[in-house]
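Scroll down for the structure; my scribbles are underneath it.
The values are calculated or read from the model by the stated rules, or taken from the named source; none is laboratory data. Since the model is a prediction, treat every value here as computed from it, not as a measurement. So basically every Cβ, Gly included, is an ideal-geometry build from the backbone, and we count neighbours across all protein chains shown.
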Amino acid sequence: MTTSFENPSREEICRRLRQIRTVAVVGLSPRSDRPSYVVAQALQRFGCRIVPVRPAVDSILGEPACADLQALPGPVDLVDVFRAPEYVDEIVDACIALNVPALWLQEGVVNAAAAQRARAAGIWVVMDRCIYKDWLGCGNALSNGADSG
């Protein structure tokens, strides 16, 4: 079975990124040389609050970590995923249960069936793209009042 998935338009992505204030980063590494750390740090510079989602870690980038999405301290605007595709189904289940409004699957995180299931549940979804690159690509269209780099 082939499941096709099409990402939102660039304009829609830029529009959504303007609304993002709190991002749960699933799979955020405490290691500064990892892509998840670099991206989360950039999101902080862009004015977002990040919520690290990683078991067995107390805090990352100055923010208290949660073991899983069910342990989030409150609502988030977006869940950004840095986990292997085989973990996306359970992440989507949690997002649906928590009524998360948006889900971003980073570059290389491809699970079209799970992405379609999330979308069918009313979640705005981007798959196999880097939020940092898109944020930079949106440029001046984003004005969270934060530094752009």
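Which members of the stretch 1-44 meet the condition of being more than 14 Å from Val81 (Cβ to Cβ) and surrounded by 22 or more Cβ atoms within 10 Å (Cβ to Cβ)?
Within the stretch 1-44, Leu17, Ile20 meet the criteria.
Tell me whether the stretch 21-36 contains one or more residues that are over 19 Å from Val92 (Cβ atoms) and among the hydrophobic types (A, V, I, L, M, F, W, C).
no
Does the stretch 80-104 hold any residues that are aliphatic (A, V, I, L, M) and over 20 Å from Arg31 (Cα atoms), and which are they?
Matches in the stretch 80-104: Val88, Ile91, Val92, Ala94, Ile96, Ala97, Leu98, Val100, Ala102, Leu103.
Inspect the stretch 81-92 for any residue being within 15 Å of the chain's Cα centre (by Cα), aromatic (Phe, Trp, Tyr) and farther than 20 Å from Pro35 by Cβ and give the result as yes or no.
Taking every residue of the stretch 81-92 in turn, none turns out to be within 15 Å of the chain's Cα centre (by Cα), aromatic (Phe, Trp, Tyr) and farther than 20 Å from Pro35 by Cβ.
Mind checking whether some residue in the stretch 63-82 is within 21 Å of Ser4 (Cβ to Cβ) and acidic (Asp, Glu)?
no
Name every residue in the stretch 45-70 that is surrounded by fewer than 16 Cβ atoms within 10 Å (Cβ to Cβ), farther than 22 Å from Arg18 by Cβ and either among the small types (Gly, Ala, Ser) or under 15 Å from the mean Cα position of the chain (by Cα) (or both), in order of residue number.
Matches in the stretch 45-70: Ala56, Ser59, Gly62, Ala67, Asp68.
Table: residues versus (1) surrounded by fewer than 16 Cβ atoms within 10 Å (Cβ to Cβ); (2) at pLDDT 95 or above.
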residue: Val110; (1), (2): yes, yes
residue: Cys138; (1), (2): no, no
residue: Ala141; (1), (2): yes, no
residue: Ser148; (1), (2): yes, no
